[in-house]
Amino acid sequence: MNWYTAKLVYIIEKNFEKQATEIEEKLVLIKASTRVDALTKAHEIGIEKQEHISLFNGNSLFWKFMYVVSLDLIENWDSGIEIYSCIKEIDSISQLDYFKYQGNKLMMD
């Protein structure tokens, strides 16, 4: 079995205030026999980790899984390997198109 890191991208959908689009990138560990199995597992995890939060005032947030944008084999475990999650605002739909491009490109590799 091999270990991989997969970067999952979520869009944070709100039923209130239509300001800048927010996305979250999550880097997760995947244990799989092959790259294809790892990509399949990454997609499954992406869907499983979708989350809906109801706020006290009736508003809600939904972390909608969009794409797996990278998948990398970890060949050597070593000190300093960083796993992270990052939320950021994006200023145009073209950035979402870029994630779609990266996700589709990964599927073709």
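Every number in this text was worked out from the coordinates using simple rules, so none of it is lab data. Because the structure is predicted, anything quoted here is derived from the model rather than measured. Here the Cβ positions follow ideal geometry from the backbone for every residue, glycine too, while neighbour counts run over all protein chains shown.
Things to note:
- Point-to-point label distance, Leu55-Asp78, nm (Cα→Cβ direction, 7 Å offset): 4.4 nm
- Helix 35-48 axis versus longest C-alpha principal axis of the chain: approximately 20°, rounded to the nearest ten.
- Ranked by how many other Cβ atoms sit within 10 Å of their own Cβ, fewest first, the residues Ser70, Ser60, Ser79 fall in the order Ser79, Ser60, Ser70.
- Segments 3-10, 41-48 sorted - mean Cβ within 10 Å per residue, highest first: 3-10, 41-48
- Shape class of the chain from the alpha-carbon gyration tensor: prolate, with a/c at 1.5 or above and a/b greater than b/c.
- Of Ile12, Ile30, Ile74, the one that fluctuates the most in a GNM where the chain has Cα springs shorter than 10 Å: Ile74
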